[in-house]
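Structure incoming, see below.
The values are calculated or read from the model by the stated rules, or taken from the named source; none is laboratory data. Small disclaimer: the values here were computed from a predicted structure and weren't measured. Counting neighbours? That spans all protein chains shown, and the Cβs are built from the backbone with ideal geometry, glycine included.
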Amino acid sequence: MGSPFRPHSLWRTAWAAAWVIILLTLTLVISAGCGDGTTPTTSVPVTPPTTHKSGAGPVGEQLVASDNTPVELAQALTTKNPVVILIYVAGGSSDELVRQSLTKIAPKFPDVTFLMYNYNNPKEYGDIVGSLGVHYPPFAAFVDKGNVVRYLTTGFVDEGVLNQYVVNIRQL
């Protein structure tokens, strides 16, 4: 009973193909994951930004108070202490999360002035929205001891990143 269809031969071919695929996959995974076992550690120095992206606001520029700047911000800029400015919408989910995170970390940094302004109350924040180029809240600006804007964030930013930005502006 000779049959042109040989199931045994097809079975062997399928197994051989499967093994080739498995071996290729293992080779790829092993070669991609293997190294010399050392993890290089580098320290990136904090340097002021030298370029501006379109719409990035005044990063790298000195924040100067005007007649329309909120009094507490103008006073904070004269102390030569770092300042964190948050513009938020009360009740907004991302806004409230960022506001709560900054409220939580503020006590850790008594030498930093934390100012929070409700976006829906323009009289409260004066010209600061225009000066910082706020696109939409929540919007945070991190200003160093020399009154230079170092970081601008828009939208949700987690507590760890906010904390690191505060640490960084204290060191500049």
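Which count do you get for residues in the range 154-172 that are in a strand (DSSP E or B) and at pLDDT 95 or above? Steps first, please.
Applying the first criterion (in a strand (DSSP E or B)) to the range 154-172 yields 154.
Next cut, at pLDDT 95 or above only: none.
Total satisfying the criteria: 0.
Looking at the range 135-149 only, could you name the residues that are surrounded by fewer than 21 Cβ atoms within 10 Å (Cβ to Cβ) and within 15 Å of residue 69 (Cβ to Cβ)? Don't jump to the end; show me each part of the working.
Applying the first criterion (surrounded by fewer than 21 Cβ atoms within 10 Å (Cβ to Cβ)) to the range 135-149 yields 135-136, 145-148.
Once the filter is applied, which keeps residues that are surrounded by fewer than 21 Cβ atoms within 10 Å (Cβ to Cβ) and within 15 Å of residue 69 (Cβ to Cβ), the range 135-149 yields only 147.
Does residue 89 fit the bill of being closer than 20 Å to residue 61 by Cβ, in contact with a strand residue (DSSP E or B) (Cβ under 8 Å, 6 or more places away or on another chain) and β-branched (Val, Ile, Thr)? Reasoning before the result, please.
On the way: closer than 20 Å to residue 61 by Cβ: no; in contact with a strand residue (DSSP E or B) (Cβ under 8 Å, 6 or more places away or on another chain): yes; β-branched (Val, Ile, Thr): yes.
So residue 89 fails the test.
Can you name the residue in the range 88-111 that is crowded, with 21+ Cβ neighbours inside 10 Å and of a type in the set (A, V, I, L, M) and, of all such residues, is farthest from the chain's Cα centre (by Cα)?
102
Which residue out of 121, 163, 68 is surrounded by 14 or more Cβ atoms within 10 Å (Cβ to Cβ) and of a type outside the set (Ser, Thr, Tyr)? First the steps, then the outcome.
On the way: 121 fails: surrounded by 14 or more Cβ atoms within 10 Å (Cβ to Cβ); 68 fails: surrounded by 14 or more Cβ atoms within 10 Å (Cβ to Cβ).
Selected residue: 163, the only one of 121, 163, 68 that is surrounded by 14 or more Cβ atoms within 10 Å (Cβ to Cβ) and of a type outside the set (Ser, Thr, Tyr).
Please specify each residue of the range 118-128 satisfying the condition of being within 18 Å of residue 62 (Cβ to Cβ) and not in a loop (DSSP other than H, G, I, E, B).
If the condition is that a residue be within 18 Å of residue 62 (Cβ to Cβ) and not in a loop (DSSP other than H, G, I, E, B), then 128 is the only one that fits.
State the number of residues belonging to the range 144-153 that are in contact with a helix residue (DSSP H, G or I) (Cβ under 8 Å, 6 or more places away or on another chain) and either assigned to a loop (DSSP other than H, G, I, E, B) or aromatic (Phe, Trp, Tyr) (or both).
Of the residues in the range 144-153, the ones in contact with a helix residue (DSSP H, G or I) (Cβ under 8 Å, 6 or more places away or on another chain) are 144-145, 147, 149-153.
Then keep just the ones that are either assigned to a loop (DSSP other than H, G, I, E, B) or aromatic (Phe, Trp, Tyr) (or both); that gives 144-145, 147, 151.
Final tally of qualifying residues: 4.
Could you tell me whether the range 131-143 includes any residue that is under 18 Å from residue 76 (Cα atoms) and assigned to a helix (DSSP H, G or I)?
So in the range 131-143, the residues under 18 Å from residue 76 (Cα atoms) come out as 131-132, 140-143.
Filter again for assigned to a helix (DSSP H, G or I), leaving 131-132.
Yes, the conditions are met somewhere in the range 131-143.
Right, next: Taking the condition over 13 Å from residue 166 (Cβ atoms) and part of a helix (DSSP H, G or I), does residue 102 pass? Reasoning before the result, please.
Numbers: over 13 Å from residue 166 (Cβ atoms): no; part of a helix (DSSP H, G or I): yes.
Judged against the criteria, residue 102 is not a match.
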